[in-house]
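Peer 1: Here it is, the structure, as structure tokens.
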Amino acid sequence: MDKTNWTGVSHFVLLGISTRPEEQIPLFLLFLFMYAINILGNFAIITLIISAPHLHTPMYIFLSNLALADICFTSTTVPKMLQNVFSTTKAISYMGCLAQAYFFICFAAMENFLLAVMAYDRYIAICHPFQYSMILTKMLCAQMVVVCHVLSHLHALLHTLLMGRLVFCDANRIPHFFCDLYPLMKISCSSTHLNTLMIHTEGVIVINGALAFIIVSYACIISAILRIPSANGKWRAFSTCGSHLTVVAIFYGTLTWVYFRPLSSYSVATGRIVTVMYTVVTPMLNPFIYSLRNADVKRAYKRWRSRPWTSFFS
């Protein structure tokens with residue numbers, strides 16, 4: 001049998017964030033709270049956008065897709081982690097581990113592409129405001145969202161197939177709370193050169209390419225804002241971009257720190273703490289970042305609260 005298609009383990013053991021018994025219950029409560037906030041917050045964003053006609057614009061179409069990606073992104077890892085807190089085996093099947101890695105990579109890439117698309121939306125809105133509705137048509141928005149989904153699945157498929165080639169022999173204990181790429185590569189007893197090469201080439205192109213697009217977009221945006229004569233106009237323009245830039249800084253900062261470094265220098269202990277930032281904390285914060293600084297969303301929420309429940313469900 002071809003060794004590259006063989007694995008010596010039928011399942012993996014996810015050791016979690018901490019192996020100390022006294023920390024299990026506090027960690028369970030903390031992550032359950034963050035997961036609940038993430039689901040409720042992002043679902044509220046989607047509900048508000050659907051129910052408010054004045055939010056049926058490209059910016060909020062992209063935001064609703066980002067909220068959905070955040071829900072799926074966190075749901076890929078956190079429920080299994082919460083289950084393992086009270087599990088005696090903490091096991092995940094080999095195919096289940098590859099499936100988890102696939103969807104984790106897919107939704108991380110989807111968030112990456114959607115953040116780039118949202119930067120383009122802000123660029124058109126601020127730099128070409130009079131052509132905004134003509135450039136960003138509903139058809140173009142739908143096509144951009146579809147492209148984000150397709151590219152995300154292709155990106156995930158590539159790295160998952162490469163993970164499927166690895167041999168794990170008798171090592172099946174993963175010192176992490178989900179099947180992440182580097183922890184899996186760390187316990188493999190076969191060469192991970194091709195996997196690392198693809199992360200540092202294709203992965204860099206996908207992640208840093210989107211980040212470079214965002215930076216260029218915001219360089220043009222800032223240049224346009226500085227030409228606005230009134231201070232009030234400048235502040236309003238900056239405020240519409242501030243929430244997006246906050247999410248970009250947290251997401252790309254932690255993602256780059258974890259993956260775009262040599263495998264030999266990767267620390268599992270530090271890596272899993274940083275991973276929590278972009279897998280759990282950022283999706284939880286996104287609804288607050290985009291709603292507390294957004295007058296349109298706050299106005300839609302006030303209208304939703306003032307609606308009679310009968311008319312809302314009719």
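Peer 1: Whether any residue in segment 123-145 is crowded, with 19+ Cβ neighbours inside 10 Å and small (Gly, Ala, Ser) is what I want to check.
Peer 2: Within segment 123-145 (the criterion being crowded, with 19+ Cβ neighbours inside 10 Å and small (Gly, Ala, Ser)), the answer is yes, since at least one residue qualifies.
Peer 1: Return yes when Ile199 is more than 30 Å from Arg20 (Cα to Cα), touching a helix residue (DSSP H, G or I) at 6+ places or on another chain (Cβ under 9 Å) and crowded, with 18+ Cβ neighbours inside 10 Å and no when it is not.
Peer 2: So Ile199 passes the test.
Peer 1: Go through (1) under 24 Å from Leu136 (Cα atoms); (2) modelled with pLDDT of 85 or more; (3) not aromatic (Phe, Trp, Tyr) and name the single condition Ser51 misses.
Peer 2: Tallying (1) under 24 Å from Leu136 (Cα atoms); (2) modelled with pLDDT of 85 or more; (3) not aromatic (Phe, Trp, Tyr), Ser51 fails exactly one: (2).
Peer 1: Only residues that are without any contact (Cβ under 8 Å) to a residue 24 or more places away in the chain and among the aromatic types (Phe, Trp, Tyr): list them for segment 11-57, please.
Peer 2: Phe33
Peer 1: Is there a residue in segment 76-92 that is touching a Phe, Trp or Tyr at 6+ places or on another chain (Cβ under 8 Å), small (Gly, Ala, Ser) and within 30 Å of Pro21 (Cα to Cα)?
Peer 2: Scanning segment 76-92, I find at least one residue that is touching a Phe, Trp or Tyr at 6+ places or on another chain (Cβ under 8 Å), small (Gly, Ala, Ser) and within 30 Å of Pro21 (Cα to Cα), so the answer is yes.
Peer 1: Right, another one. Test Phe73 against the criterion of being at pLDDT 95 or above and either part of a helix (DSSP H, G or I) or not aliphatic (A, V, I, L, M) (or both), and give yes or no.
Peer 2: Numbers: at pLDDT 95 or above: no; either part of a helix (DSSP H, G or I) or not aliphatic (A, V, I, L, M) (or both): yes.
So Phe73 fails the test.
Peer 1: Also, quick follow-up: Mind checking whether some residue in segment 243-266 is part of a helix (DSSP H, G or I), in contact with a Lys or Arg (Cβ under 9 Å, 6 or more places away or on another chain), within 16 Å of Tyr120 (Cα to Cα) and at pLDDT below 70?
Peer 2: yes
Yes or no, residue by residue, for (1) in a helix (DSSP H, G or I); (2) basic (Lys, Arg); (3) touching a residue at least 24 places away in the same chain (Cβ under 8 Å); (4) more than 18 Å from Ile207 (Cα to Cα):
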position: Leu98; (1), (2), (3), (4): yes, no, yes, yes
position: Cys106; (1), (2), (3), (4): yes, no, yes, no
position: Tyr120; (1), (2), (3), (4): yes, no, yes, no
position: Gln131; (1), (2), (3), (4): yes, no, no, yes
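The values are calculated or read from the model by the stated rules, or taken from the named source; none is laboratory data. In this text, all values refer to a predicted model and were calculated from it rather than measured experimentally. Please note: Cβ atoms are built from the backbone with ideal geometry, for glycine as well, and neighbour counts cover all protein chains shown.
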